[in-house]
Amino acid sequence: MTMTRRGFLAAGTAVLATANLPAFAQQQLPAPTRLTATSRVLDVNGRAATVFGLAGPTGQGLVLDPGARIRVDLTNDLPEPTLIHWHGQIPPNVQDGVPGIPMTMLKPGESRSYDFEPLAGTYWMHSHVPIQEIRLLAAPLIVRSAQDVAADRQEVTLFLHDFAFKSPEEVMAEIRQGHGGGSHGGGGHSGTAGDKGHSMAPAPQTKEMDHAAMGHATMNHDAMGGGMQGMMQNTMPGMMGDMAGMEMDLNDYDWDAYLANDRTLADPEVVKVERVGRIRLRVINAAAATVFWIDTGEADARLVAVDGHDIRPLEGPRFGLAMGQRLDIEIDLPAEAGSWPILALREGAHERTGIVLATAGAQIAKIFELADEKAPAFDTDLSQEMRLEAREHLPERAVERSHMVMLGGTMAPYVWTIDGAIWGQHRPIVARTGERVLLGFHNMSMMGHPMHLHGHVFQVVDINGRKVNGARRDTVYVPPMSMVTVALDAGEAARWMLHCHHMPHLETGMMTEFEVTA
């Protein structure tokens, strides 16, 4: 492979690490896996659509065996610059994949090497350019554990997208102008997104304004006067009162199709399964702006992991996930032959997509893309999140730094902020390597925000003022007028992105940085 000077410099970390190994160890390293950012053509309900993708050795995405490193040569085969973020993984910051922070994007035809030890579980990778992610530049990243190999079960990945035939630029223009369609109120009336301008968040700040006026709440833990939990308990009753009579903005764009493994229910993927078989379903919400419910129907199911991290099993036929989140669901199939649809329901709407699990020779009934009833809004009271408990808790220790992170914005004008500021006018959230940090996400807008932190795994420790031993995650959903606090230990000294994983929100500036110093 021909490596450009820029690609060579970017690969410096991986090269130095390899150079320090003894000769016999270098000889035993497997060859890097080739991963290509490229375009591809999908058949979406009978129409050809050119989208982006990430092609690995066996198709879209990568599956790694236990103990394997992420050793990838990434090549940009697109006509425009790009870069890939390893969502939920903790690579060295130089390999994290945010354009310009610190590495530049890959030019067309350019390659770059990556080499780091992965976390086992269900992950994914995608462009960190929102417009490109809307064009489906994303793919699964499955890292199998030794337990996965030893288990007597079949693994199935369900990769979800929302899709538009229009260009992402046209989609964003319609959303900004309030003509994106969408729905409000968790199953109430449909309307135009631009009709909703209510918010309790501050307006976006100008560059000339003092940082102190941005509403950024950074607190020394000892000076918090009872901590975030007390603050939430005092604040939540008033917040819920303010919310009475106000409608949530669930969906701000009506997409042309909703895809499960690149297909719609007009021609769903049919996965062959065995009677009395056990399935580990790895669900990844790669949609740009759609929250889904996963409905397993008549098959017995239990949720066993979120965002790649084990939880105490939670029984049920329906679980929700926001953009950027993942669910691992174990499904036990009955003894008889048959077919079992696994459906992804768009929140607050009739649309759905999915796949079908079927034994050999089973008849498969047609499933309509529109359900008879609208799916409800997702986790508006955080009742699902409240029920999740990590198998492995974050070790107990004193909190050394706390930040209240204010989430705001409006549908008209279409602007979304963190601590009252858009990206470029933000003030970093700071910590030192090794510190125990609390981040309290306080959503004062009428849309939910899936908040994703790069380079760290955190644990949910407080929901609306109630202390919990919640799930370990990298992306937490914060519904309107709600507060969720997460705990983490600050990692590598570097600039790590913290942002909403709703792509139109991110495109309009809903990102800040978690700046860790040595």
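Numbers below:
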{"read-out": "Test for Asp65: is it over 28 Å from Ala260 (Cβ atoms), acidic (Asp, Glu) and open to solvent by 10 Å² or more (accessible area, probe 1.4 Å)", "value": "no"}
{"read-out": "Some residue of region 275-290 being more than 26 Å from Met510 (Cα to Cα), open to solvent by 30 Å² or more (accessible area, probe 1.4 Å) and touching a strand residue (DSSP E or B) at 6+ places or on another chain (Cβ under 6 Å)", "value": "yes"}
{"read-out": "Exclusive hit being at pLDDT below 95 and of a type in the set (Gly, Ala, Ser), set Gly348, Gly324, Gly361, Gly320", "value": "Gly361"}
{"read-out": "Restricting region 391-431 to residues that are open to solvent by less than 20 Å² (accessible area, probe 1.4 Å) and of a type in the set (S, T, N, Q), the residue that is nearest to the chain's Cα centre (by Cα)", "value": "Thr417"}
{"read-out": "Met510 open to solvent by 10 Å² or more (accessible area, probe 1.4 Å), in contact with a strand residue (DSSP E or B) (Cβ under 6 Å, 6 or more places away or on another chain), among the hydrophobic types (A, V, I, L, M, F, W, C) and within 25 Å of Asp381 (Cβ to Cβ)", "value": "no"}
{"read-out": "Within region 70-102, considering residues that are over 22 Å from Ile142 (Cβ atoms), more than 22 Å from the chain's Cα centre (by Cα) and not hydrophobic (A, V, I, L, M, F, W, C), the one surrounded by the most Cβ atoms within 10 Å (Cβ to Cβ)", "value": "Asn76"}
{"read-out": "Hey, Thr485 in contact with a Gly (Cβ under 7 Å, 6 or more places away or on another chain), among the β-branched types (Val, Ile, Thr) and buried (at least 24 other Cβ atoms within 10 Å of the Cβ) or not", "value": "yes"}
{"read-out": "Scan of region 307-345 for residues that are of a type in the set (Lys, Arg) and open to solvent by 10 Å² or more (accessible area, probe 1.4 Å), ordered by number", "value": "Arg312, Arg318"}
{"read-out": "Tally of residues being under 29 Å from the mean Cα position of the chain (by Cα) and farther than 23 Å from Arg278 by Cβ across region 355-369", "value": "3"}
{"read-out": "Residue in region 377-390 that is at pLDDT 95 or above, assigned to a strand (DSSP E or B) and surrounded by fewer than 17 Cβ atoms within 10 Å (Cβ to Cβ) present", "value": "no"}
{"read-out": "The listed residue being of a type in the set (A, V, I, L, M), within 24 Å of Trp86 (Cβ to Cβ) and open to solvent by less than 10 Å² (accessible area, probe 1.4 Å), out of Ile294, Ile355", "value": "Ile294"}
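The values are calculated or read from the model by the stated rules, or taken from the named source; none is laboratory data. The structure presented is a predicted model; accordingly, all values stated were derived computationally and were not measured. In this analysis, Cβ positions are derived from the backbone assuming ideal geometry, glycine residues included, and neighbour counts consider all displayed protein chains. Side chains are part of the model used for accessible areas, which takes the heavy atoms of the whole protein and leaves out ligands, DNA and RNA. Shrake-Rupley method; radii C 1.70, N 1.55, O 1.52, S 1.80 Å.
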